[in-house]
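Every number in this text was worked out from the coordinates using simple rules, so none of it is lab data. Given the structure is predicted, the values throughout are model-derived calculations rather than measurements. Using ideal geometry, Cβ is built from the backbone for each residue, glycine included, and neighbour counts are taken over all protein chains shown.
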């Protein structure tokens, strides 16, 4: 069950599964924001390209110049120029793992909902040969499932991969920093995830 509480400044989302809080986010309501102009390097459709760079554990750069945010997952975050932002545990390892899987590989992009995020990056499921990058990052425990109402096409498969890594205590699931919080614990830790 997803609960949304909306006011002028904020949308609050709390994902509850069997009484456990999985995600709590507060984002600016986009309804009042001016639309972001997409960069010309991110065309409407890129079906296949070569990965030439890795930004972090869930974002790659293609030889077309497009940046692709791998939809459906969230890897541990790097500062990426954000002043005062602390590196999340295993962020560098997630970036390295994604580079190992994808760098200099021809990838196929599969769109399942919105095609761009608010920053103009392409939103896609990314496949390198027979490897579905999102699934592999989840199985390694170097990402968690992160879906929205318009990109849940493969949510069941993503949750299955996450459950496998969690049960084996791989990657982030071996660290207390990433443990799933109860609703009471989450209430006292706003802005930490």
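Just a few scattered comments:
- The range 79-119-the range 155-173 distance, computed between alpha-carbon centres (Å): 18 Å
- Amide N of the range 64-108 lying under 15 Å from the label point, which is placed 7 angstrom from the Cα of residue 52 along Cα→Cβ: 64-68, 103-107
- At 1.567 mPa s and 4 °C, Stokes diffusion of the range 38-178 via Kirkwood alpha-carbon radius, µm² per second: 86 µm²/s
- Förster radius 25 Å - calculated FRET efficiency between residue 152 and residue 45, Cβ distance, rounded to 0.05: 0.75
- Binning the alpha carbon pair distances of the range 47-104 at 10 angstrom intervals from zero yields the distribution 25, 52, 22, 2, expressed in whole percent.
- Ordered by the number of other Cβ atoms lying within 10 Å of each residue's own Cβ, fewest first, 148, 85 fall into the sequence 85, 148.
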